[in-house]
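A short worksheet on the structure shown next.
The values are calculated or read from the model by the stated rules, or taken from the named source; none is laboratory data. The structure presented is a predicted model; accordingly, all values stated were derived computationally and were not measured. Here the Cβ is made from the backbone with ideal geometry for all residues, glycine too, and neighbour counts use every protein chain on show.
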Amino acid sequence: MEPDGSTVDVLRYQTDDGPVYRAVPAGDGEAVVAAHERELRKRRSLRWAVGVAVALTSVGYGLLTESPLLGLLGGGIVAAALLVGGDDGEALVPELVERSVFRHDAARQYGLEVG
């Protein structure tokens, strides 16, 4: 079979059920990966900002109510949860596995639907 002439970049997303492959127009793969990485950085920054705000609020509340030990305990629990809490964000970022491959070849090699 002859390739249909159109080329694609192939991205691999890691899931619990194994890798999932997606095709994007050739040359767009790096932009898609970069967009996912930016989104992951935003989510991590927001998570840290909210966690720090909650921890500081807990400590502040403890100081205002004359229960500094309770405030420190609450802040410590929030800080520990922030540090220990899982971050599965890496699974959201695809890996560029092939660049400018013919659509038909990508479909055959990675199980993509030819559309």
Checked the range 1-26 for anything modelled with pLDDT of 90 or more, in contact with a strand residue (DSSP E or B) (Cβ under 6 Å, 6 or more places away or on another chain) and under 19 Å from residue 104 (Cβ atoms); matches are 7, 8, 9, 10, 11, 12, 21, 22, 23, 24, 26
Reported set for the range 1-55 where residues are of a type in the set (S, T, N, Q) and more than 30 Å from residue 70 (Cα to Cα) is 6, 7, 14, 15
Would you confirm whether or not the range 9-19 contains a residue that is free of Cβ contacts under 8 Å to residues at least 60 places away in the same chain, surrounded by 16 or more Cβ atoms within 10 Å (Cβ to Cβ) and not hydroxyl-bearing (Ser, Thr, Tyr)? no
